[in-house]
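Read the figures in this text as sums done on the coordinates, not as results from a lab. Only a predicted model underlies this, so the values are computations on that prediction, with no experimental measurement involved. Every residue, glycine among them, receives a Cβ derived from its backbone with ideal geometry; neighbour counts consider all protein chains shown.
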Amino acid sequence: MGDILQYLSTNATDVQFYAQTHFLLVLYSVAIATVIALVLALVLHTNQLTPPSWSRTVRAGSQETALLIASALLTVPSLALFGLLQPIFGFGISPAIVGLTLYGIYPVLRNTVAGLSSVDPAVLEAARGIGMGPIRRMARVQLPLAWPVVLSGIRVSVLIMVSIAAVGAVVSGLGFGKPLLDGLTRLGGAGSFAQVVVGTLGPLVIAAVFEIAFVIIKRLTTPRGIRV
Amino acid sequence: MSETSEITTSDDTAAGRPMIALEGVSKTYPGQERPAVEELEFEVPEGKIVMLIGPSGCGKTTTLKMMNRLIEPTTGRIILDGDDVTSVNADQLRRRIGYVIQQVGLFPHMSIGENIGMVPKMLGWERQRIATRVDELLHLVGMEPGEYRDRYPRQLSGGQQQRVGVARGLAADPPVMLMDEPFGAIDPITRDRLQDEFLEVQRQVAKTICFVTHDLTEAVKLGDRIAIFGTGGRLRQYDTPDEILTNPADEFVAQFVGGGAAVRRLSLLDIARLKLDEVVVSATDSPAGNHPVLALDDAGKPDRWLHVPGTTEAPPLVTVPFTGTVYDAVDVMLDSRAPLVLVLGDDGAPRGALRWDAMVGDLRARGNA
């Protein structure tokens, strides 16, 4: 315990840097992943990908396929993914963000698709019947109603990313993965255990910060009529 | 008193030009052999309520949804207010047509005011004009604007939600309203009240209304005209409620209207149309020829029968307003086992009496005429 406190006090600037970079890596990646997933879900949901003349099964199939690809990405071991991305993006921030983004798409995509299709068909029929066009219907009715579900997808995405960002340190050298990997490679050496502990507990703190942010965001962005 | 023409034509005399006209409209859904709706040909006069009724799967809802292009007809034309509906943008068209559905479909994330103001907002009305209109409409459907404007749909009962649904349909003052079983999911007591309110609202706004229902009682109560659909989407009869109940066009309609037709017709017949017996008001129990004798109380209100011809003991006194229907008269008579009912004018003064035996004879004469 004393070791850890001593480590924290002598390396305060470094720890602060780990925290900042870890937080920002996740923030950037989740932002990009959310945009990609939302666009993909909207396109899939409105079925602009396949013409309406195609059979129902094919159109439903295209949605399932996109989900399948996104979920397959999740099964790639994170260490392997960063290893595969390194030759393409080199070292540093870019392979880390690309990797995290790929992991973050699925939860947002899955929840957005589920959220959009959970909207009461009667509400959508009424919207169509009073003359709301497809874009207005999506923006004013369907997306706001699906929003709480979308938001919880983003939240799951963030939790996954916070833990995987630590592994991403093999290519980025940033975040709490840095002390963790340093400590692990020289395990048994002076102060190595303190590094491992800080590298493990650090992401927990980052996750807590995100969780608090989500509570506030949810409160602020959920329309009053559907707040529970 | 034996001619039926004065009853059946009473609303035709006021019928305006056709607001909606269907010309040879058919709809066959993709992948289905039989058409859902076949060769429809009818007109909806301006300011009238037309009820579309028939067994499930008869195409009544399909017909309704073709009018605002939620469903596109396979063949034929639908003319709305002089224009072919396919000649205008579907969204623009729908903003000019009120649309109310059974599941209401209020936007749960928007306040009642926002829900009602949605169409005016899309039409680009100013904020102040929308706010005034919302309050006006809430008043119209019997909801206090101050109390309900800022509430959310889930805070309202089913009946209140449908009132808001109707208000939303009326928001931009469209000439035409399409209603798809709006009161179908509401409990019978509330439904009855909503129907009364609906007729009251219609008296004020005089819209051209197409109303889908599966309830014959509702069709007879609300409709100026009834369109009866048979299976396979064919229009079997299109006529006034009275004519449909009295002279069903074919076996199908007769069966659909059922054995209760004669009783249902009673609610279409105003007491004002019947010949009433003269009533003598007296203080003493003296036989006054062949007329029933009525005693008044101290306030001058009818109190009890003193003498009724053909009875030894005076029956209980029951009353019905002059503006009521024969159905109301029969109802109170059966309820109190009275052979006659006193008809009161608006001022509460006796207008005459309606005798059971005379009334039944009169109705039979009308039915056979």
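Entry note, region B:271-368: relative contact order of 24 percent, from Cα contacts under 8 Å with a spacing of 6+ residues.
Taking other residues whose beta carbon is less than 12 angstrom from the beta carbon of B:Val104, and scoring Lys, Arg as +1 and Asp, Glu as -1, yields -1. For region B:15-74, run through the GluC sites (Glu not before Pro) and keep only the ones in DSSP coil with at most 12 other Cβ atoms within 10 Å of their Cβ. Here the GluC sites (Glu not before Pro) that fit, given the DSSP loop and packing criteria, are B:Glu33.
For chain A, the residue among A:Trp147, A:Ile88, A:Gly99 whose Cα projects farthest onto the positive side of the dipole built from Cβ charges is A:Trp147. The orientation-averaged shadow of the Cα convex hull for region B:137-283, equal to a quarter of the hull surface, comes to 13.8 nm². Counting only alpha carbon atoms, the long axis of helix B:158-170 and the longest principal axis of chain B meet at about 60°.
With viscosity 1.002 mPa s and temperature 20 °C, the Kirkwood radius over alpha carbon pairs of region B:174-229 converts through Stokes-Einstein to a diffusion coefficient of 182 µm²/s. Residue pairs exceeding 30 angstrom between C-alpha atoms, taken from B:Lys27/B:Lys48; B:Lys48/B:Lys121; B:Lys27/B:Lys207; B:Lys221/B:Lys301: B:Lys221/B:Lys301. Each of A:Val156, A:His22, A:Ala207 was placed along the dipole of chain A (beta-carbon charges, centred on the mean Cα), and the one lying farthest toward the positive end is A:Val156. For the peptides A:86-92, A:67-73, residues were scored by their other Cβ atoms within 10 Å and the scores averaged per peptide; the highest-first order is A:67-73, A:86-92.
With respect to chain B, whose longest principal axis is taken over its alpha-carbon atoms, helix B:127-140 is tilted by about 30°.
Note on region A:155-223: percent of Cα-Cα distances in each 10 Å bin, starting at 0 and stopping at the bin with the largest distance, equals 22, 40, 23, 11, 4, 0. In this label model, A:Ser94 and A:Ser62 are separated by 3.2 nm, measuring between points 7 Å along each Cα→Cβ vector.
Remark on the protein assembly as shown: hydrodynamic radius 29.9 angstrom, per the Kirkwood mean of 1/r across alpha carbon pairs.
Helix check for chain A. Which DSSP H runs span at least 27 Å along their own axis by Cα, with a mean Kyte-Doolittle hydropathy no less than 1.0? Long hydrophobic helices here: A:12-46, A:93-117, A:143-167, A:192-221. Per residue of peptide A:131-137, the mean number of Cβ atoms on other chains within 10 Å of the residue Cβ is 5.
Based on the reciprocal of the average 1/r between different C-alpha atoms, the Kirkwood radius for chain B equals 23.1 Å. Using Cβ point charges alone (K and R +1, D and E -1), the dipole size of chain B about the Cα centre works out to roughly 1100 debye. Rounded to the nearest 20, the size of the Cβ-charge dipole of the protein assembly as shown about its Cα centre is 2980 debye, with Lys and Arg at +1 and Asp and Glu at -1. Can you tell me what the convex hull of the Cα atoms of region B:271-368 projects to on average, as an area in nm²? Approximately 6.2 nm², given one-decimal rounding. If R0 is taken as 35 Å, the Cβ-Cβ distance between A:Ala139 and A:Leu84 corresponds to a FRET efficiency of 0.40. Sorted from longest to shortest, the spans of the Cα atoms of region B:106-149 along the three principal axes equal 26, 22, 14 Å. Semi-axes of the equivalent ellipsoid for region A:2-226, computed as √(5λ) from the eigenvalues of its C-alpha gyration tensor and ordered from largest down, come to 41, 20, 11 Å.
Against the longest alpha carbon principal axis of chain B, how many degrees, from 0 to 90 and to the nearest 10, is the axis of helix B:188-205 turned? Helix B:188-205 sits at roughly 80 degrees to that axis.
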